[in-house]
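Enquirer: Below is one structure. I have some questions about it.
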């Protein structure tokens, strides 16, 4: 039996990830966001007023990657970075009113993408759980 690149799980995940990000691009263009910026905004919608370390942990983006994203979002008036009242060495990242308003405007993005995928909600949830399990196992 002849093997192909598409027989590899890692390649299937890689191509699916790229397709997912490409599918999000036109939806996010409406909000002037990149996919990594959208991830950061989602994290803040769930947990606002966090340190860069907490945001890095939640998004799985290293601080070196995350800092420029946060700075760009700050430039777009989506969030602020202010010195922590508890520890002057740390900054607290918080949503602005504009950032909170974006949550309402972008609330249907996941549903739009799910419809585009032609997968029902239960299959999407199953896929999500498998991906999380794989990531957890590989990080051991």
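Enquirer: Report, in degrees rounded to the nearest 10, the 0 to 90 angle that the Cα long axis of helix 63-75 makes with the longest principal axis of the chain.
Expert: 60
Enquirer: Then there's this: Quick one: length gained pulling residue 87 to residue 49 fully straight, 0.36 nm per residue minus the C-alpha distance? Provide the component values of the computation, followed by the final result.
Expert: Details: separation 38, 0.36 × 38 = 13.68 nm, distance 1.37 nm.
12.3 nm is the gain from fully extending residue 87 to residue 49.
Enquirer: Relative to the present Cα-Cα distance, how much length would full extension add between residue 30 and residue 126 at 0.36 nm per residue of separation? Walk me through the intermediate numbers first.
Expert: Values: separation 96, 0.36 × 96 = 34.56 nm, distance 2.92 nm.
Taking 0.36 nm per residue and subtracting the Cα distance, the gain is 31.6 nm.
Enquirer: Quick one: check the C-alpha center-to-center distance for the range 2-18 versus the range 78-108, whole angstrom.
Expert: 37
Enquirer: Something else now. Is the range 89-140 rounded, prolate or oblate when judged by the Cα gyration tensor, a ≥ b ≥ c being the square roots of its eigenvalues, rounded requiring a/c under 1.5 and prolate requiring a/b larger than b/c?
Expert: Values: a/c = 4.98, a/b = 1.25, b/c = 4.00.
Oblate is the answer for the range 89-140, as a/c is 1.5 or above yet b/c matches or exceeds a/b.
Enquirer: Would you mind getting the Kirkwood hydrodynamic radius of the range 48-140 from its Cα pairs, rounded to one decimal in Å? Don't jump to the answer; show the numbers that get you there.
Expert: Values: mean 1/r = 0.0637 Å⁻¹.
Every distinct Cα pair counted, the radius reaches 15.7 Å.
Enquirer: Any chance you could run the full-extension gain for residue 140 through residue 16? It's 0.36 nm times the residue separation minus the Cα-Cα distance, nm to one decimal.
Expert: Working: separation 124, 0.36 × 124 = 44.64 nm, distance 2.36 nm.
Full extension of this stretch gives 42.3 nm more.
Enquirer: Sticking with this one: Quick one, can you get me the convex hull of the C-alpha atoms of the range 34-96 expressed as volume per residue in Å³?
Expert: Numbers: hull volume 4.7 nm³, N = 63.
Measuring per residue, one finds 75 Å³ for the Cα hull of the range 34-96.
Values quoted throughout were computed directly from the atomic coordinates according to the rules given, and no laboratory measurement underlies them. Not measured: the values here are computed from a predicted model.
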